[in-house]
Every structure is written in structure tokens, then in C-alpha cells.
Amino acid sequence: MTGDEDGVFFLTGKDFANAGSASSNLKGILEKRGIPAEIIRRASIAAFEAEMNVIIYAVAGMMHYTITPERIKVVLQDMGPGIPDIGLAMQEGYSTAPDYIREMGFGSGMGLPNIKRNADKLTINSVVGEGTTVEFVISLERSGR
Amino acid sequence: MTLDDIKGILGALALTGRGDMKIDIGRAYCADLMSDVLAFSITNSLLITGLTNAQVVRTAEVADIKAIVFVQNKRPDIQTIAMAEAKNIPLFVTELSMFDTCGRLYERGLRSQMGQTV
Ligand SMILES: Nc1ncnc2c1ncn2[C@@H]1O[C@H](COP(=O)(O)OP(=O)(O)O)[C@@H](O)[C@H]1O
Ligand SMILES: [Mg+2]
């Protein structure tokens, strides 16, 4: 499959039983398109970290993806508390996650840095008390990275 | 080192039925923090962990990890095992501690992806 393709997954806050299923589905879609494994891995890791953040911190949200021959774009939009200081949130190790999240293996403050490391472009917009939008792009062109 | 070798070295029990026990595992990574696994593990490696929730299997899936060993006899619930089975990620459980699990595999030549210059 080589044309443009897009879709959306709905996410529910604190729904840990299904947490990660959107990223898993996205991974399957990328595999069907025959995208190289290393690029799929980067996209899946970034999507999974962003999805977990919606599940952990927000009330609800959605993951919207668009795939073209040139790039994979993933937008996670949530209704939630928002991020007061995005610069601080981007720092490795910074986390406001409660203890029960840490016990699940998350909340080490590496999620947003992991997204940045795996994406070619990352944009975060957030309004405190309303929600957060995380958008990342991964290039599919050889010169992309 | 194959999955069969690893199972033998650790005296581990397979929790999943499918999957090729002859596949070669080149590298291993050990952590209880899934973001660390996502940041530092490499593809086709073995994950050694003391966490047993569903997110561990999700993490393995997105990071292209080949198999998971749970230490100290910790077992995931049946749904998590079923998910791993569906995604073709073999799960093992050993009675050994995290320290002994890593130690025995290291002794037999398994390494992480990081430089082993020291
Ligand atoms: N979608 C979100 N809504 C609200 N806050 C968020 C969101 N994503 C991240 N954050 C904030 O940014 C911090 C850092 O996020 P991250 O790097 O993923 O680390 P972690 O999730 O391990 O704490 C979080 O602890 C949280 O305070
Ligand atoms: Mg996070």
C-alpha cells in the first residue's frame, strides 16, 4: 500500500487494560505498508509513550495518524490537566506520576524525551486545565534522518 | 544463545506455548522501568524484569523484543499471557532473583547492547 492513509483511535484515561492497544494497532498498519522495521520501531515507541501519557494523565483523548509516502504523522490530543511548563516536562527524569504509576513501570520521566529521540519533529501544545496536543512526525524519505 | 539455552540456564518455565525455541537471542536488557526499556533496549533482545503487568508485553511489542523472563517466580495474569501468545512473544518465569538471572546469563556469554570494554 503506497497511497495516503489516516485513522483515529480513542483513548480513555486510566484504562490500563487497553493502554498501548492504539500503538499496537498503529504498528500493525505500518507493518502492512512494508515500512522498514527500524522506522516502525521508532514510530511505535513514540506513539506508545504518548498514548501512555494520555492514559496516565488525561481524562480522555485520541490518537490520529496520517501516513503518506513521505512521512508518518501522529497527533495525540487529550482533555486533561495540561502541562504548565513544557520545558520542564521535556527534561529527562522529570515526572509528576503518582506511585502506583511507578509501580507499573512508568513515571520515570523519560516518556517525552523518548518521543523526541525517536521522532524527526515533535510539537507540544498545552493549555492548563484544558488539555494537551502532542504531534510528532517521522520521515519516510531516505534523507529524512 | 537460543531461547532453549536460556530456559535451561535459568531453570525457567515457559508460560506460553508457541514460538520458536531455537531462535537466537543476541542481547539482553534488564529493567523494571518501561521507559528505560523503550529508550535503551535493542531489537530482537531478551527482556528480564520483575514487573508482570500488561504494559510489559506492550513494551516488548513496540520495542521489538523477542522474549521476556520474569524473575523471582512472578507471573503475569492470564490475560497478559494470552496477549503475549497472540503477539508471539514467548514468556518465561524463573525462581532466580534478578541478580542471579542476569549473572547466570552473563556468565554464559549473554551481553547487553552497551559497550563491554570494562
Ligand atoms: N498528556 C499529558 N497531560 C498532562 N501532563 C502530561 C502529559 N504528558 C506528560 N505530562 C507531564 O509531563 C511529565 C513528563 O512526562 P514524561 O516525560 O512522559 O514522563 P513520565 O510520564 O514518566 O512522568 C509528566 O510527569 C506529566 O507531569
Ligand atoms: Mg510518560
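The values are calculated or read from the model by the stated rules, or taken from the named source; none is laboratory data. Here the structure is a predicted model, which means the values were calculated and not measured. Glycine also receives a Cβ, built like all others from the backbone with ideal geometry; neighbour counts cover every protein chain displayed. For the accessible areas, the whole protein counts, side chains as well, though only heavy atoms, and no ligand, DNA or RNA atoms are used. Shrake-Rupley method; radii C 1.70, N 1.55, O 1.52, S 1.80 Å.
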Mind jotting down the distance between the C-alpha centroids of the range A:3-19 and the range B:1-73, whole Å?
25 Å
Wrap a convex hull around the Cα atoms of the protein assembly as shown, take a quarter of its surface area, and give that in square nanometres.
14.3 nm²
Provide the net charge surrounding A:P69, with neighbours chosen by a C-beta distance below 14 Å and charges set as Lys +1, Arg +1, Asp -1, Glu -1.
-1
Hey, which of these cross-link pairs are over 30 Å Cα-Cα: A:K116/B:K7; A:K14/B:K87; A:K27/A:K121; A:K116/B:K74; A:K14/A:K121; A:K14/B:K74?
A:K116/B:K7; A:K116/B:K74
When only DSSP loop residues count, what GluC sites (Glu not before Pro) in the range B:15-118 have their Cβ near at most 14 other Cβ atoms within 10 Å?
B:E95
Would you mind working out the accessible area per residue for the range B:3-107, using a 1.4 Å probe, and quoting it in Å²?
41 Å²
Please list, in chain and number order, the residues 5+ apart from A:G131 or on another chain whose amide H is under 5 Å from its amide H, with Hs placed from the backbone.
A:G80, A:G82
Could you tally the net charge around B:R108, taking each other residue with its Cβ under 14 Å from the Cβ of B:R108, Lys/Arg +1 and Asp/Glu -1?
-1
Amide H to amide H, which residues 5 or more places from B:T2 or on other chains are under 5 Å from it, using H placed in the peptide plane?
B:I25
Among bridges DSSP assigns within the protein assembly as shown, what percent are antiparallel (round to 5)?
75 percent
When the Kirkwood radius is taken over all Cα pairs of the range A:48-145, what Stokes-Einstein diffusion coefficient follows at 25 °C and 0.890 mPa s, in µm²/s?
176 µm²/s
Among B:S112, B:S45, what's the order by accessible area (1.4 angstrom probe), most exposed first?
B:S112, B:S45
Name the residue, out of B:L47, B:L91, B:L38, whose mean-square fluctuation peaks in a Gaussian network model built on chain B with Cα pairs under 10 Å.
B:L38
With every protein chain in place, what's the accessible area of B:T16 (1.4 Å probe, Å², nearest 10)?
20 Å²
Buried solvent-accessible surface, both chains (B, A), 1.4 Å probe, Å² to nearest 100:
1800 Å²
So who's got an amide H within less than 5 Å of the one on B:S112, skipping anything under 5 residues away but keeping other chains? H placed 1.01 Å off N, in plane.
B:A28
Expected output for the range A:1-47, residues with a loss of 40 Å² or more in accessible area relative to the chain alone at probe 1.4 Å, reads A:S24, A:K27, A:R41, A:I45
Two-site FRET efficiency, A:E141 against A:D6, from Cβ-Cβ distance with R₀ of 25 Å, rounded to 0.05
0.85
With charges set only on the Cβ (+1 for Lys and Arg, -1 for Asp and Glu), what does the dipole of the protein assembly as shown come to about its Cα centre, in debye to the nearest 20?
560 debye
What does the helix-only formula give at 222 nm for chain A: each DSSP H stretch with n ≥ 4 adding -39500 (n - 2.57), the total divided by the residues, and the result rounded to the nearest 500 deg cm²/dmol?
-10000 deg cm²/dmol
Calculate the FRET efficiency for B:N44 and B:Q72 from the Cβ-Cβ distance with a Förster distance of 22 Å, rounded to the nearest 0.05.
0.30
At 0.692 mPa s and 37 °C, Stokes diffusion of the range B:3-107 via Kirkwood alpha-carbon radius, µm² per second
248 µm²/s
